[in-house]
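What follows is a single structure, written as structure tokens, with notes after it.
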Amino acid sequence: MGSNSFPSPMNRRLLSASFALALASVAQGQTVSTAPTLAAPGQPQRTGIPGGFEIIGESLVSAQQLFLGTEDKVYFVDKVEANPTQINGHPVWASEWALASNKQRGMEAITNSFCAGGNVLGNGTWLNVGGNQAVQWGGEPASAQDGSVGPYFNADGRTSIRMLDHCDEGDCEWYLSPVPSEQRWYPTLETLQDGSIIILGGCRNGGYVNDRFQDNPSYQFFPPRGNGESIPSPILQSTLPANLYPLTWLLPSGGLLIQSNWATVVLDLATNTEKALDNIPDAVRVYPASAGTLMLPLTPANNYTATVLFCGGSNIKTDQWLAPDFHPPTYPASASCVKLTPDVSGSYQNEDPLPEARVMVSLIQLPDGKVLALNGGGLGTAGYGNNTWAIGHSYGDRPVLQPVIYDPAAPTGSKWSIDGLSASLVPRMYHSSAVLLPDGSVLVSGSNPNPDYTVGPDVTYPTEYRTEIWYPSWYKERRPQPKGLLSQYSYGGPKFDIVLDSDDLAGDVENVKKVVVSIIRPGFSTHNMNMGQRFVQLDSSYTAYADNNTAVVHVSQLPPNPAILAPGPALVFVTVNGIPSVGKMVMVGSGQIAEQPILPVEALAPAEIVPKTAGSGGSSGGGENAAVGGVRISGSLVALLSFLVSVFVFGS
């Protein structure tokens, strides 16, 4: 046959049949995507009581700082103190907890990480920045700052940038960046659009609150930008003494929301200028007033507009903090909640108050879109000291053991609920932490309002090692097991499909209308903040099949704006009718610290439920119309395409 010859009639039929078979193979799940797909998530492995707490063991170090590094590994960072566990001839102050095996190992944190800040770079490397000078017994300064003297053999950590390339092999270790930070105790870290990190604020020597003799009211970047010098911040300069751990969020507009003492600004990083917004009402929210704070979910419904929630704290005037008659443990906490949508308005709005006033409260974003509030006390503030009026050493008192759930979608007046929730048995006061786990539970640990390791029957608030897991109400429900989730997500780009079977939809095709695909960054937990915590819902539609109650969910990549969710590792969840899948660890963005590629957004197909065909019976097995593999295609469509190929390509 020559190069311009047509196939014989027999060969035409064979080729037509081959093409039909190829289409059928597509119908069995051959899809094209920009990233590898993940194995479908399974079911939770723990047996805890929904709505309750379970103590799973004692940590090697007290959990002053806490973050999820992989699906299986949680990392703890403490200050230097006399923790009983030893490593290399001195007490350990960092550790790793493997969730599946419940095994732990000590880690070298190298320098004193007391009250450091943390977050994750766009390439997946975690940073732990700043800390305290080298110390000895009781937290007093060591005679040498280079780590050469006992009993703790720790070095000055105030300029340290500790780095961790997390792993699941149990052999990764902290190491120091050759490029130091300025001296910063109580700094805040926020990941930016290119995967770099901004480091804000802090002090040089520490204390209950800050003062002008040790203040560092500036910010810098890692990796360093320009000449590497820090840039002064007017809001931090003007909000002494309560300007430590400034509350900071990257906004979808690209600005940086900063809240410190009573003041609020948006920082323009292109010009290094600050735009003042309204003062926050009712209470101070930053450390040591220590309110719970959280950016509420960014969704297609709210056009990815950021609203930040602030709950609790203390109504302490600026001149009260250091007044001789100010005794924090007798001072009532605030129940006030307010929210701010800074890309829309500079004014705060009132929100339903907490059911019970509290300071040192953590707000944890759950994959069902609700928020868990836990930890803290009803009196006082964060901090500790040797004052006669302290509770032992604690500046806080009256632990609040009851968790509470906030539902942003509930009507005003009913956003908070304790229905079905049990109280913890462990007071979680100053230096307690909490972080979301992949199965939707929350790991809770820490509490140590003491200058050094302090335990005993007469100690009201000891150095706490008991570690709990809190279980959501839906923990034991059958979880969706979506097929086709990607391992990496771009900003814009081609859509992808995931498949839900009848079990995933609980046997009801109408549940496809209640599917949410979300990406959550659990954040770096310390001092009742989770730096970097964020929930972003991906846009989606569906083609569902009433014949067998299955569905293909068509999902967009992230919006083409890295300021909505900065690059780096995160968890992806698929929630069906309020029941989330187990989360899978994924990479957001390119995996590099660099300007992120922005791709065109592929349009989604309209949402559709294909009705039952005659005689289908609605079984859960295969049908003529069904979700098979990851492609919306039916037997009749294959036949039609085969016919068109034979007519228009090969002739009749």
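The values are calculated or read from the model by the stated rules, or taken from the named source; none is laboratory data. Just so you know, these numbers come straight off a predicted model, no measurement behind them. Cβ placement follows ideal geometry from the backbone for every residue including glycine, while neighbour counts extend to all protein chains displayed.
Points to keep in mind about this one:
- Selection of strands (runs of 3 or more DSSP E) fully inside the range 506-549 by the criterion of at least 3 residues being touching a helix residue (DSSP H, G or I) at 6+ places or on another chain (Cβ under 8 Å), at pLDDT 95 or above and of a type outside the set (D, E, K, R) returns 540-545.
- Given (1) of a type in the set (Phe, Trp, Tyr); (2) at positive phi; (3) in contact with a Ser or Thr (Cβ under 7 Å, 6 or more places away or on another chain), index of the condition residue 331 fails: (2)
- Of all the listed residues (475, 489, 453, 471), the sole one being more than 30 Å from residue 308 (Cα to Cα) and among the aromatic types (Phe, Trp, Tyr) is 453.
- Looking only at the range 406-442, residues that are farther than 30 Å from residue 301 by Cα and either of a type in the set (A, V, I, L, M) or in a loop (DSSP other than H, G, I, E, B) (or both) come to 10 in all.
- Take the conditions (1) over 21 Å from residue 536 (Cα atoms); (2) of a type in the set (Val, Ile, Thr); (3) surrounded by 21 or more Cβ atoms within 10 Å (Cβ to Cβ); residue 318 misses just one of them, which is (3).
- Just one of the listed residues (148, 181, 160) is modelled with pLDDT of 95 or more, more than 19 Å from the chain's Cα centre (by Cα) and surrounded by fewer than 16 Cβ atoms within 10 Å (Cβ to Cβ), namely 148.
Let's see how each residue does on (1) on the phi > 0 side of the Ramachandran plot; (2) in contact with a His (Cβ under 8 Å, 6 or more places away or on another chain):
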{"site": "45", "(1), (2)": "no, no"}
{"site": "50", "(1), (2)": "no, no"}
{"site": "53", "(1), (2)": "no, no"}
{"site": "60", "(1), (2)": "no, no"}
{"site": "73", "(1), (2)": "no, yes"}
{"site": "78", "(1), (2)": "no, no"}
{"site": "89", "(1), (2)": "yes, no"}
{"site": "98", "(1), (2)": "no, no"}
{"site": "109", "(1), (2)": "no, no"}
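- Only one of 497, 503 that is of a type outside the set (Ser, Thr, Tyr), on the phi < 0 side of the Ramachandran plot and in a strand (DSSP E or B): 497
- Yes/no for residue 260 being closer than 27 Å to residue 340 by Cα and surrounded by 23 or more Cβ atoms within 10 Å (Cβ to Cβ): yes
- When each of 175, 152 is tested for being touching a residue at least 24 places away in the same chain (Cβ under 8 Å), aromatic (Phe, Trp, Tyr) and over 19 Å from residue 75 (Cα atoms), the lone residue that passes is 152.
- Residue within the range 206-217 that is within 24 Å of the chain's Cα centre (by Cα) and on the phi < 0 side of the Ramachandran plot present: no
- Sub-7 Å Cβ pairs linking a first residue in the range 594-611 that is loosely packed, with under 13 Cβ neighbours inside 10 Å to a second residue that is in a loop (DSSP other than H, G, I, E, B) and not small (Gly, Ala, Ser), at least 6 apart or interchain, are 595/194, ordered by first then second residue.
- Taking the range 255-344 and the strands (runs of 3 or more DSSP E) fully enclosed by it, no element has 1 or more residues that are at pLDDT below 95.
- Filtered by the rule that a residue be surrounded by 12 or more Cβ atoms within 10 Å (Cβ to Cβ), among the small types (Gly, Ala, Ser) and free of Cβ contacts under 8 Å to residues at least 40 places away in the same chain, the range 212-235 gives a lone residue, 218.
- Residue match in the range 555-576 (condition: small (Gly, Ala, Ser), over 23 Å from residue 119 (Cβ atoms), in contact with a strand residue (DSSP E or B) (Cβ under 9 Å, 6 or more places away or on another chain) and part of a strand (DSSP E or B)): no
- Considering residues of the range 57-93 that are in a strand (DSSP E or B) and touching an Asp or Glu at 6+ places or on another chain (Cβ under 7 Å) only, the residue nearest to residue 433 (Cα to Cα): 75
- Of the residues making up the range 190-245, those that are under 23 Å from residue 326 (Cβ atoms) and of a type in the set (Asp, Glu) are 211, 215.
- Screening residue 265 against (1) surrounded by fewer than 23 Cβ atoms within 10 Å (Cβ to Cβ); (2) in contact with a helix residue (DSSP H, G or I) (Cβ under 6 Å, 6 or more places away or on another chain); (3) more than 30 Å from residue 385 (Cα to Cα) leaves a single unmet condition, (1).
- Hits in the range 288-315 (condition: farther than 27 Å from residue 252 by Cβ and surrounded by fewer than 20 Cβ atoms within 10 Å (Cβ to Cβ)): 315
- Considering residues of the range 531-550 that are among the aromatic types (Phe, Trp, Tyr) and over 30 Å from residue 115 (Cα atoms) only, the residue surrounded by the most Cβ atoms within 10 Å (Cβ to Cβ): 545
- Filter result (crowded, with 23+ Cβ neighbours inside 10 Å and either of a type in the set (Ser, Thr, Tyr) or over 26 Å from the mean Cα position of the chain (by Cα) (or both)) within the range 337-373: 362
- A single member of 412, 381, 388 is hydroxyl-bearing (Ser, Thr, Tyr) and in contact with a strand residue (DSSP E or B) (Cβ under 8 Å, 6 or more places away or on another chain), and it is 381.
- Flag if residue 49 is among the β-branched types (Val, Ile, Thr) and in a loop (DSSP other than H, G, I, E, B): yes
- The set of residues in the range 105-122 that are surrounded by fewer than 21 Cβ atoms within 10 Å (Cβ to Cβ), touching a Ser or Thr at 6+ places or on another chain (Cβ under 9 Å) and under 19 Å from residue 169 (Cβ atoms) comprises 105, 106.
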